[in-house]
Amino acid sequence: MSQAQSDPVTPARYRRILLKVSGEVLMGDGGFGIDMKTVDAVAEEISQIVQLGVELCLVIGGGNIFRGLSTAAKGMERASADYMGMLGTVMNALAMQNALEKIGVTTRVQSAIQMDTICEPYIRRRALRHLEKGRVVIFAAGTGNPFFTTDTAAALRATEMGCDALLKGTSVDGVYDSDPKKNAKAKRFDSLTYHEVLKKDLKVMDASAVALARENAIPILVFSIHKHGEFARVVCGKGRFTIIRD
Ligand code: UDP
């Protein structure tokens, strides 16, 4: 049981949040694709947030399946490669929906690219209604446009849904000045301004996502999704995370 769950007096700090996880988070040690054990573990973390009474939106990347930019570099037209990347995010969304529903969390998948037999199309007001009813809404296919990323989709949907915070669940416990897995001397930040992230070109989220969050005054919290119970702790203002705001 997580610290936040075991402590009934710890209230969640936020009413409605959006969690962004990269596709790479779901790939486990495999190096490619979807590792169902890892998806189940992330689903377990998410269910703790629902139990806290927080309304939750979810955006999952697709980097574990297909990245438009790297394939375009090998000669494919960028827009087509990006559409393939967006389809990858739909696969991840369906895997996560399955894992969540298996443990009793009600979900809806809404895709920015219409595919009616698989999931709902993205309809803002309908998504808001799902959230009010306590359902987790998984936003698939990014923004629906090539030349964008799922980070930007996360900032966009967080804004549209009126989220109080955008949480980025990564494999490390915050933002560093260089990759802590490669550089033992990497410096970790407890807090940063949006401007500092952009100026230092820190690789936490892409610039358009950070700019959109700044324009709409949505704080970004970066934490480790692999540490058991940490998501719930962070939502309650505990645990280890880097906060980005003005
Ligand atoms: N993508 C896109 N438009 C979007 C979101 C994603 O074209 O609005 C494509 C793009 O090719 C990207 C791929 O989908 O490389 C996977 O998304 P992303 O790289 O953001 O996934 P992550 O790094 O978070 O796993």
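The values are calculated or read from the model by the stated rules, or taken from the named source; none is laboratory data. Small disclaimer: the values here were computed from a predicted structure and weren't measured. All Cβ positions, glycine included, derive from the backbone under ideal geometry; neighbour counts span all protein chains shown.
In table form, for the structure just shown:
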{"read-out": "Hits in segment 154-168 - residues which are part of a helix (DSSP H, G or I), among the hydrophobic types (A, V, I, L, M, F, W, C) and either without any contact (Cβ under 8 Å) to a residue 40 or more places away in the chain or more than 10 Å from the ligand (Cβ to nearest atom) (or both)", "value": "Ala155, Ala158"}
{"read-out": "Filter pass, Ile17 being in a loop (DSSP other than H, G, I, E, B) and either within 11 Å of the ligand (Cβ to nearest atom) or of a type in the set (A, V, I, L, M, F, W, C) (or both)", "value": "no"}
{"read-out": "Where Arg135 falls short, out of the listed (1) of a type in the set (D, E, K, R); (2) within 18 Å of the chain's Cα centre (by Cα); (3) closer than 25 Å to Phe32 by Cα", "value": "(3)"}
{"read-out": "Odd one out for Met84, checked against (1) in a loop (DSSP other than H, G, I, E, B); (2) under 22 Å from Cys119 (Cβ atoms); (3) within 12 Å of the ligand (Cβ to nearest atom)", "value": "(1)"}
{"read-out": "Number of positions in segment 99-109 that are free of Cβ contacts under 8 Å to residues at least 12 places away in the same chain and under 17 Å from the mean Cα position of the chain (by Cα)", "value": "0"}
{"read-out": "Residues of segment 192-241 classified as within 15 Å of the chain's Cα centre (by Cα), under 19 Å from Glu45 (Cβ atoms) and buried (at least 21 other Cβ atoms within 10 Å of the Cβ), total", "value": "11"}
{"read-out": "Pair list, Cβ under 7 Å, 6 or more apart: segment 20-44 residue under 14 Å from Val59 (Cβ atoms), other residue surrounded by fewer than 16 Cβ atoms within 10 Å (Cβ to Cβ)", "value": "Val25/Ser171"}
{"read-out": "Out of Gln114, Gln110, sole residue that is within 16 Å of the ligand (Cβ to nearest atom), modelled with pLDDT of 95 or more, within 24 Å of Arg67 (Cα to Cα) and in a strand (DSSP E or B)", "value": "Gln110"}
{"read-out": "Residue identified as within 11 Å of Val175 (Cα to Cα), basic (Lys, Arg) and assigned to a loop (DSSP other than H, G, I, E, B) among Lys238, Lys227, Lys203", "value": "Lys203"}
{"read-out": "Tally, over segment 116-132, of residues that are without any contact (Cβ under 8 Å) to a residue 12 or more places away in the chain and either closer than 21 Å to Gln51 by Cβ or surrounded by 12 or more Cβ atoms within 10 Å (Cβ to Cβ) (or both)", "value": "2"}
{"read-out": "Pair list, Cβ < 8 Å and 6+ apart or interchain, from segment 138-153 residues that are part of a loop (DSSP other than H, G, I, E, B) to residues that are modelled with pLDDT under 95 and surrounded by 24 or more Cβ atoms within 10 Å (Cβ to Cβ)", "value": "Pro146/Gly68"}
{"read-out": "Flag for Ser178 being small (Gly, Ala, Ser) and part of a loop (DSSP other than H, G, I, E, B)", "value": "yes"}
{"read-out": "Meets criteria (at pLDDT 95 or above and within 14 Å of the ligand (Cβ to nearest atom)) for Gly62", "value": "yes"}
{"read-out": "Residue in segment 182-194 that is under 17 Å from Gly61 (Cβ atoms), among the aromatic types (Phe, Trp, Tyr), modelled with pLDDT of 95 or more and not in a helix (DSSP H, G or I) present", "value": "no"}
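Matching residues to (1) within 22 Å of Gly61 (Cα to Cα); (2) touching a helix residue (DSSP H, G or I) at 6+ places or on another chain (Cβ under 9 Å):
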| position | (1), (2) |
| --- | --- |
| Cys163 | yes, yes |
| Ala217 | no, no |
| Arg240 | no, yes |
| Arg245 | no, yes |
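Conditions (1) surrounded by fewer than 20 Cβ atoms within 10 Å (Cβ to Cβ); (2) more than 8 Å from the ligand (Cβ to nearest atom); (3) of a type outside the set (Ser, Thr, Tyr), marked per residue:
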residue: Ser70; (1), (2), (3): yes, no, no
residue: Thr89; (1), (2), (3): no, no, no
residue: Ala93; (1), (2), (3): no, yes, yes
residue: Met96; (1), (2), (3): no, yes, yes
residue: Leu100; (1), (2), (3): no, yes, yes
residue: Val105; (1), (2), (3): no, yes, yes
